[in-house]
Amino acid sequence: MITEFLKSLLSTSGLSGVETPVTGLIEEAWRPLTDELSLSALGSLHGLKRGEGQEPRPSLMIAAHMDAIGLIVTKISGEFLHLTKIGGIDIRVLPGQAVTVHGRSDLPGIIVQPPAHLLPEGAAEGAVGLNHLLVDVGLSAGQVARKVKIGDLISFASEPIEMSGGVLAGHSLDNRASVAALTLCLEELQSRQHTWDIWAAATVQEELGHMGAKTSGFQLRPDLAIAVDVTFASGPGANGWETFKLESGPVIGWGSAIHPFLHEEFKKLAEKLELPYGIEILPGRSGTDGDDLQLVAEGIPTVVISIPIRYMHTPMEMVALKDIQRVGRLLAEFIGMLEPDFLEKIVWDD
């Protein structure tokens, strides 16, 4: 069930700043799993799952950003579209990628580059710069002028692929893999009691600066926060301490954006559940919603939990479904252990 839901998320655009196409899919999935759904002024989706403790109840916010990286039309030259990026994209893999141009109607397109001998001197050495890449939609110049305008969005069009060994590949796994994990958590909470109120937040504009996390954190004012995101899985040329193997379980952040007490609680819980886990060293900014959640108002104790993926910020990322399931379970188990007096136990002890 969660695989099909995730595949539907990966087949939908919802680029950073224009997340509406994917918001509806998440809202449909969360409606039967929450007691209340609402949108923030910036467009983040908030789902409230009420606890069973006495009011006023403490609350936990779990943020998983739903926006995706993509492209936008900057100029039209006859039959061809010039483009720039929305969010960080590895431009080395763009030529030849199938895309959808969201003009007056959706148009299939291909990212192309001029022949090497027609590029300016030196431009063909290494990765061709984004300023030299074009999108070809197969139409005449007149048809393009009628159907496409500057500012139209371009999303990746590759469909998700179920690989061997329980692995799924597709664009936008950063961070819709985490939305799937949060959805699994909500499903598990249907059959278990929890004391605290839980805010599930599918946040917007993370790729542009964590705008959804800032505004939703300020609006909801949770007592604790968890940012669920992705991190780098080991792969070709990436096997150092900064990476984590697929199927190695949740990755618990450690660094300036993470509250030490929560870090230790998640480690102990993973060990109690006999879940494999990794520790990600994040001495500066984590690059996740957690960076801003911890700074909302007077500060929110925050932890970052990540899912390893390969080929991050490319049109074809890769994730182990087992890691998504493990993160979903870890979140649900943490919620289940939150007692009414949990906040009184939290101390900053580094």
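Quick notes
- For the stretch 101-123, residues that are in a loop (DSSP other than H, G, I, E, B), open to solvent by 50 Å² or more (accessible area, probe 1.4 Å) and not polar (S, T, N, Q) total 4.
- Positions within the stretch 14-39 being farther than 23 Å from residue 330 by Cβ and surrounded by fewer than 18 Cβ atoms within 10 Å (Cβ to Cβ), in sequence order: 20, 21, 24, 27, 28, 31, 36, 37, 38, 39
- In the stretch 142-197, the qualifying residues are those that are among the charged types (D, E, K, R) and open to solvent by 30 Å² or more (accessible area, probe 1.4 Å), and the one that is nearest to the chain's Cα centre (by Cα) is 159.
- Scan of the stretch 77-100 for residues that are modelled with pLDDT of 95 or more, in a loop (DSSP other than H, G, I, E, B) and among the charged types (D, E, K, R), ordered by number: 79
- Residue count, the stretch 293-324 (criterion: surrounded by 18 or more Cβ atoms within 10 Å (Cβ to Cβ) and within 26 Å of residue 275 (Cα to Cα)): 19
- Listed conditions (1) touching a Leu at 6+ places or on another chain (Cβ under 7 Å); (2) surrounded by fewer than 18 Cβ atoms within 10 Å (Cβ to Cβ); (3) part of a helix (DSSP H, G or I) are all met by residue 74, apart from (3).
- Of the criteria (1) within 13 Å of residue 228 (Cα to Cα); (2) surrounded by fewer than 21 Cβ atoms within 10 Å (Cβ to Cβ); (3) among the hydrophobic types (A, V, I, L, M, F, W, C), which one residue 330 fails: (2)
- Contacts under 7 angstrom Cβ, first residue in the stretch 152-181 being within 26 Å of residue 288 (Cβ to Cβ), partner among the aromatic types (Phe, Trp, Tyr) and in a strand (DSSP E or B), 6 or more apart: 171/156
- Residue that is surrounded by the fewest Cβ atoms within 10 Å (Cβ to Cβ), among those in the stretch 124-134 that are without any contact (Cβ under 8 Å) to a residue 40 or more places away in the chain and under 17 Å from residue 81 (Cα atoms): 129
The values are calculated or read from the model by the stated rules, or taken from the named source; none is laboratory data. Fair warning: this is a prediction, and the values are worked out from it, not measured in the lab. Note that each Cβ is placed from the backbone with ideal geometry, even for glycine, and that neighbours are counted across all protein chains shown. Please note that ligands, DNA and RNA were not included when accessible areas were found on the heavy atoms of the full protein model with its side chains. Shrake-Rupley method; radii C 1.70, N 1.55, O 1.52, S 1.80 Å.
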